Structure formats: structure tokens, C-alpha cells
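First the structure, in the form of C-alpha cells, and then the observations on it.
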Amino acid sequence: MKSEVHIIGAGLAGCCLARVAAENDCKVILYEAARHVGGICREKEKEGIRYHPLGPHVFHSHLKERTDFFKRFTDVVKYVQRTKTLVDVNGKTGYVPWPPTQESIEKLDELEPGIKQKILDEIAARPDELDMTNFETCVRTLVGDTLYELFIKNYTEKFWKVPATTLSSEWAPKRMDVRPNYDDRVFKDQIQFMPDYNKFFENVIDHPNIEVRYKHSMKKVDAYRLAEEGHIVVWTGNLDKLRDTDKLKYTGPTIHVELHKQEHYQDFPVVNYPNTTHDYHRITEYKKMTGQEHPWTVITKEYPGRSRMYPINTKETAAERERLVLELAREGKVIPYGRLGLYRYLDMHIVVGMGLYFGTIVGKWDKLSEDERVDACRKLLEIE
Ligand SMILES: Cc1cc2nc3c(=O)[nH]c(=O)nc-3n(C[C@H](O)[C@H](O)[C@H](O)COP(=O)(O)OP(=O)(O)OC[C@H]3O[C@@H](n4cnc5c(N)ncnc54)[C@H](O)[C@@H]3O)c2cc1C
């Protein structure tokens, strides 16, 4: 046995890291504050209908290695995410594909004849380079003013509860585009599916080198004590619980779960509501994602809220995140990890990729030089 690794938090990040480290001959102890593993990817059931209590999760990836790892532990059903947006053009509404495709533009033209040409002219006039000053400037130069106003501006400001001009442009080019064709998949990744998440978590931690301690909320002082005793300690809880700072900001929806005693609630799995006439910004109907059959249905409605689910990505928060993570790497005691520890929105396949990378070196953490630790943490901040 190489080393003992103590991982705080048994969400997707903690569990994947635990499994890879265990398969690399480490003894792993996972501490989880809740009664179960899985963090925010965990599923629940209402009247036997599966749903995602903290918002819809679709697995997608362009990398077979990550997908193969995930599929080793669970069953999946074929599912490709296709979302509609309820647009409102001068009082006329319609469901159109998101991100905007040629079909979206044609449907908008049915609502407001002439708008298609306006949109196409704006697209043709886009500058060669994106204006990366902030989220809004970037997306306006990416999709043009009309599509930005109809689909993105209100949704973004409803969701983040800050002006779009204060948000960083960093992730906009990865998530926002206007399709020059009829491809209405939300994610362009070749591989997309809907897994049974609870089965994944049950199986991924089922290894003789992994021990899980449930209902064990670890305090910073205890994490440091373990590190002082010479153990390797990984922290997937909030970065600002590990380091004093008031510069990291979060937002996240308030989610209402509803059981409806009818077979279908809406025509599509996911509908976005960018308009100010709706208090919520998204409705998800889970049977349409999991393929489950049932005479009733469960939906979630997401309202702008105050939960700490998403890090708010501005230039200031990004700089503070990097400063804190690299400071911890230099210190060499507790390792920040996962979406909360690294203060990073992480798609699930990236979390799997991190586990496949870091799980092979975490057992040697105490043997790494300061420069090697900094390089490793920098990679965790950048891995895509
Ligand atoms: C609303 C939403 C929708 C998403 N949809 C998608 C999607 O469709 N596709 C996709 O690829 N990704 C999606 N993601 C991203 C995905 O949820 C993350 O990749 C994943 O949750 C990261 O797992 P994690 O372990 O880092 O964090 P979490 O899931 O938050 O797990 C952290 C765990 O640590 C525990 N913990 C924290 N502090 C302590 C402590 N001090 N002591 C003990 N335990 C502790 C918590 O209880 C929790 O179980 C979505 C994210 C959100 C917020």
C-alpha cells in the first residue's frame, strides 16, 4: 500500500478521485457531511419517478477515456440534450431551439416577419475578433444584438442576478454560439447520455481500499490536523472555508420540485424562460430525459435564488481563486479540489478527467517539490 489519502467530500469529484487513487494502491478515507455520497449529482424519486433535485444533469464528453470510466460503474440511456427557449418577440411567443439555430431564426421570422434578415445582417457584420471586455460585449460580438437580447441577456441577468456587463467573458465562447445549420444539440460532444447516477455512486466507491465515513462534516482545523500528522488531505468543500476571504461570490437557483398527476407536463425535456414575465428561468421534466414510463410526471422549476451552487466568474473572483489555490499548493498541506475547492464550474466529464489525472499522483503528494505541486494545481485549474 503506497499512502493513506483523506478526501473531504464524496461528491463526483471526491468519489472519482477516491476510485482512481484506490486502484493506484492508495488507502482512501472519504468523509461526507451528508448521509449519502453523490453531492449535487445525486438523484431522488417521487412516487417512483426519478429526478435531479438540484437541477438537470446530462453526461457529455468528447473523450472516450472519461466516458469509459463513467460507464464502468452504471447503466446509461441514450439521451441528447435539446433545449427550447420560450421567446417573446413584441408580445408574440414561441418555443424555439436553444442555442439559436437556423430553425430558431426561421421560427422567429414567423413571429416577426423580417427579423430573419436583421439577424443575418448582424451575423454577417460580426467583427473578426470577439470583444472580450465582459460577458455582454463578448456575446454581442458572437451572436449579434437581436439574438443576444431575445435569448441571452435577460436569462443571464435573471440567473446571475448581476448585470451581464460585470460577468467575465472567459467561458462565453465555449457555451454561446449561433449555429449556421439545424444542429439543435445543446452540447456538441459526440458522446452524450443519461446515466443512473445513484448506481454510479454506489459502485464507484465499492472498492476494498475505500472507506466512507458518512455524516462526518470536516472542519478546517481537523483537515489541517490530519495534514500535520503526515496524511495526504484533499478538500472538495468550499475554498473560502479553507482560506479567509470575502472575495469569492456565488449564486444559484431556488429549485421547486413538483409532482403532477398527469402523464406529460410540457412538450420538451428542458425549457428556458428568459422573459421577465416568468419568475422562473427553467423548467425540466425528467421522464423525458431518463426515458422512464409512468402515468404521472415530476418537474423542477428553477427560480433566481441565493444558493451557493455556482461560482460567479468575474475577473476579480478568478484572480482570487488562482491566488488561493496556488497558495495552498505552495503550502503543501491541504489540497483544494472539485468544483467547490477550486471554485470552478466543472462539467462532469472534466471532473472525471481530473480524477484520472490526479488519482495517479495524489498518493505521491508529500514527495512532490513545491514547483511540482504548483504545476499540478495549475493543471487542475486549467484541465478541460
Ligand atoms: C445546477 C447544476 C447543473 C449541472 N448540470 C450539469 C450537466 O448537465 N452536465 C455536466 O456535465 N455537469 C453539470 N453540472 C456540474 C456537476 O454538478 C459537477 O461537475 C459536480 O457536481 C462536481 O462534483 P463535486 O464533487 O466537485 O461537488 P459536489 O457535488 O458539490 O460535492 C461536494 C460534496 O462534498 C461534501 N462536503 C463539502 N464540504 C464538506 C466538509 N467540510 N466535510 C464533509 N463533506 C463535505 C458535500 O456534502 C458534497 O457531497 C451541473 C452543476 C450544477 C450546479
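Worth pointing out:
- When the charge dipole of the chain is built from unit charges on Cβ atoms (+1 for Lys and Arg, -1 for Asp and Glu) and taken about the Cα centre, the candidate among T141, V37, N181 whose Cα reaches farthest toward its positive end is V37.
- Ranked packing of 328-339, 119-130, most packed first, by mean Cβ within 10 Å: 328-339, 119-130
- Integer Hz, Karplus 6.51/-1.76/1.60 couplings in order for the stretch 334-348, x for Gly and Pro: 8, 9, x, 7, x, 5, 7, x, 9, 6, 9, 5, 10, 4, 4
- Close amide H partners of T83, meaning residues 5 or more places away or on another chain with modelled amide H under 5 Å apart, are W98, V186.
- Helix-only mean residue ellipticity at 222 nm for the chain, each DSSP H run of n ≥ 4 adding -39500 (n - 2.57), per residue, nearest 500: -9500 deg cm²/dmol
- Nonlocal amide H pairs with Y31, under 5 Å, H built at 1.01 Å: I7, I8, G9, R213
- Karplus-derived HN-Hα couplings along the stretch 254-264 (A = 6.51, B = -1.76, C = 1.60, θ = phi - 60°), whole Hz, x at Gly and Pro: 9, 10, 9, 9, 10, 9, 10, 7, 8, 6, 10
- Extended-chain gain in nm, criterion 0.36 nm per residue less alpha-carbon gap, D68 and R35: 9.1 nm
- The DSSP beta bridges internal to the stretch 1-88 are antiparallel in roughly 40% of cases.
- Angle between the chain longest axis and helix 370-382 axis [Cα atoms, degrees, rounded to 10]: 30 degrees
- Inter-label distance, nm, simple model (7 Å from Cα along the C-beta direction), Y345/T137: 2.0 nm
- Residue by residue, the stretch 51-68 carries 3J(HN,Hα) couplings of 8, 9, x, 10, x, x, 10, 10, 7, 9, 6, 9, 10, 5, 4, 5, 5, 4 Hz when phi is fed to the Karplus relation 6.51 cos²θ - 1.76 cosθ + 1.60 (θ = phi - 60°); x denotes Gly or Pro.
- Computed from Cα atoms, the angle from the helix 12-23 axis to the main principal axis of the chain rounds to 40 degrees.
- Helix 102-111 and the longest principal axis of the Cα set of the chain meet at an angle near 40°.
- Net charge contributed by nearby residues that have their C-beta within less than 12 Å of I8 (K/R +1, D/E -1): +2
- Rounded if a/c under 1.5, otherwise prolate or oblate - the stretch 83-175, Cα gyration tensor axes: oblate
- Distance between modelled label sites at D246 and E263, nm, 7 Å Cα→Cβ extension: 5.6 nm
- Sorting the segments 250-256, 156-162 by their residues' average number of neighbouring beta-carbon atoms within 10 angstrom, most packed first, yields 156-162, 250-256.
- Contour minus Cα-Cα distance for D375 and K219 (0.36 nm per residue): 53.5 nm
Every number in this text was worked out from the coordinates using simple rules, so none of it is lab data. Predicted model, so just to flag it, every value in this text is computed and none were measured. With ideal geometry, Cβ positions are generated from the backbone for all residues, glycine too; neighbour counts draw on all protein chains shown.
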